[in-house]
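Novice: Take a look at the following structure, please.
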Amino acid sequence: MATDSIISFKTAIWFWMTPQSPKPSCHDVITERWNPSGADSAAGRSRGYGTITNIINGGLECGKGWNAKVEDRIGFYKRYCDILGVGYGNNLDCYNQRPFGNGLLVDTM
């Protein structure tokens, strides 16, 4: 995957689009097709960019307070939202969210 750009791209799209229980897909979160359950709400998870961070890096970054890497990523997200002329939405970080649970920890951002 690391040496084949087509496989890398396909893998990234698969990860973005595919729910991995108990996690929803990143796509469903950002397009508001995901509705947080009562357990999600109790864990501080709601629609927005912060929950996408939780899906990708929750075990490494979420529920642990402020983090410079997360702040940098939020800055990049806001920059591209500005370029595209779309709003940021609420819930930009996962500082007060519990991670979704055990699973693959991938630090890709």
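Every read-out reported here was derived from the displayed coordinates using simple, explicitly stated rules and does not represent laboratory data. Since we're looking at a predicted model, the values are computed, not measured. Don't worry about glycine lacking a Cβ; one is built from the backbone with ideal geometry, like all the others, and counts go over all protein chains shown.
Novice: Kindly indicate whether Asp82 is of a type in the set (D, E, K, R) and outside any loop (DSSP other than H, G, I, E, B). Before the answer, list the steps.
Specialist: Working: of a type in the set (D, E, K, R): yes; outside any loop (DSSP other than H, G, I, E, B): yes.
So Asp82 passes the test.
Novice: Go through region 61-71 and give me each residue that's assigned to a helix (DSSP H, G or I) and either over 14 Å from the mean Cα position of the chain (by Cα) or surrounded by 16 or more Cβ atoms within 10 Å (Cβ to Cβ) (or both). Before you say what the answer is, go through the steps one by one.
Specialist: Of the residues in region 61-71, the ones assigned to a helix (DSSP H, G or I) are 61, 68-71.
If the condition is that a residue be assigned to a helix (DSSP H, G or I) and either over 14 Å from the mean Cα position of the chain (by Cα) or surrounded by 16 or more Cβ atoms within 10 Å (Cβ to Cβ) (or both), then Glu61, Ala68, Val70 are the ones that fit.
Novice: Same structure again: Any idea how many residues of region 77-86 are surrounded by 11 or more Cβ atoms within 10 Å (Cβ to Cβ) and hydrophobic (A, V, I, L, M, F, W, C)?
Specialist: Going through region 77-86 one residue at a time, the tally reaches 1.
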